[in-house]
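One structure is given below, encoded as structure tokens.
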Amino acid sequence: MFSQSGKQHQPLPESRQQLQSSTLQRTKHAFLYAVAGKGWLRSAVDRAILLCTSHFDEEKGAVLATDAADDGETLPDVEIMVVPVGSLPELYPGKSMFTLQTCLIQPESTGTIEITSPDPGVDARIQLNILSDPSDWQVARKACRFALALAEHFIYQSGYPSEARVFAGPGSVGAREWKEGDWRVVSDQEIDTYIGMYVGCGFHLTSSCPMGREEDEGVVDSQLRVHGFKNLRIADASVLPCVPPGHLMAPTYMISERCADFIKHGRN
């Protein structure tokens with residue numbers, strides 16, 4: 001909502017669908033962004049994010065408090081991103097939607113990356129193994145149910161003045177009309193089916209060349225030098241021994257700055 005001339009307005013026309021359907025709007029906002037850094041294209045993809053633990057009260061639809069002294073229990077393992085577009089546009093083309101994009105940020109599942117040829121131009125073989133660890137399924141189910149509870153709160157309790165409903169979620173795609181409280185009655189099987197249909201990679205991959213001792217299958221040492229090589233270092237998210245509980249941009253900046261320091265000090 002925004003206020004103009006003493007009246008409340010809803011920015012309903014400001015959506016991705018408007019940019020898609022109007023050549024004039026696309027041209028206008030491309031020009032605004034290129035010349036002045038303004039307009040719709042300046043908007044972030046994620047308008048808000050929620051980092052939380054999977055300690056979820058399945059009766060109240062809330063995240064439970066944890067004791068700060070519990071080792072690791074207070075680290076978030078779930079992220080919900082509020083994205084102002086429908087991330088599954090093929091289901092409801094032309095609909096103005098937003099998505100509660102639900103992610104696991106401390107997965108136990110591990111994948112592999114394999115060199116397939118001595119030719120560096122040949123692609124490596126990448127196997128993500130998403131949700132290969134059963135514990136990730138447990139967290140994913142809880143996270144999806146919590147996202148449904150959040151969606152219901154927005155629809156029925158937040159005071160949002162326009163009609164809204166759950167368009168795409170566990171138990172709702174091509175099925176029943178969604179009613180308040182349905183987040184409690186959606187079955188684990190419905191959630192699992194939905195996850196299996198739409199799960200994907202968040203492109204925050206880490207730890208394929210973890211820091212550690214060579215005998216412990218580490219790839220780089222504490223100064224990012226590759227074991228067995230004299231002048232080869234790695235400075236990206238692959239050196240992290242485990243996935244950090246958040247986005248990777250800041251940790252990767254830190255790694256690159258530390259690598260630059262190691263190289264400079266080595267030369268001196």
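Rule-based calculations on the coordinates, nothing more; no lab input. Predicted, not measured: the structure shown is a model, and the values here were computed from it. Cβ placement follows ideal geometry from the backbone for every residue including glycine, while neighbour counts extend to all protein chains displayed.
Projecting label points 7 angstrom from Cα along Cα→Cβ for I263 and R26 puts them 4.1 nm apart.
Pairs of Lys residues in the chain are counted when their Cα atoms are under 21 angstrom apart and they lie 8 or more places apart or on different chains; the count is 6.
Amide H contacts for A62 (H built 1.01 Å from N in the peptide plane; partners 5 or more residues away or on another chain; cut-off under 5 Å): D57. Comparing mean-square fluctuations of V122, V63, V139 from a GNM of the chain with C-alpha springs under 10 Å, the top value falls on V122.
Size estimate for the chain follows the Kirkwood approach: the inverse of mean 1/r over distinct Cα pairs works out to 22.1 Å. Short-range pairs are left out: with C-alpha atoms under 8 Å and at least six residues apart, the relative contact order of the stretch 214-265 is 28 percent.
In the neighborhood of I130, defined by Cβ-to-Cβ distances under 15 Å, what is the net charge if each Lys or Arg adds +1 and each Asp or Glu adds -1? Net local charge, I130 excluded: -3. The length gained by stretching the chain between M249 and E177 to full extension, at 0.36 nm per residue less their Cα-Cα distance, is 21.9 nm. The alpha carbon convex hull volume per residue for the stretch 214-265 rounds to 73 Å³.
Sorted ascending by nearby beta carbons within 10 Å, beginning with the fewest, R42, R258 become R42, R258. Here the peptides 220-226, 100-106, 261-267, 194-200 are ranked by packing, the mean other Cβ count within 10 Å, and the order with the highest first is 100-106, 220-226, 194-200, 261-267.
Between D192 and V122, the simple spin-label model (points 7 angstrom out along Cα→Cβ) gives 3.9 nm.
For the chain, a Gaussian network of Cα nodes joined below 10 Å ranks P93, P245, P210 by mean-square fluctuation, and the top entry is P93.
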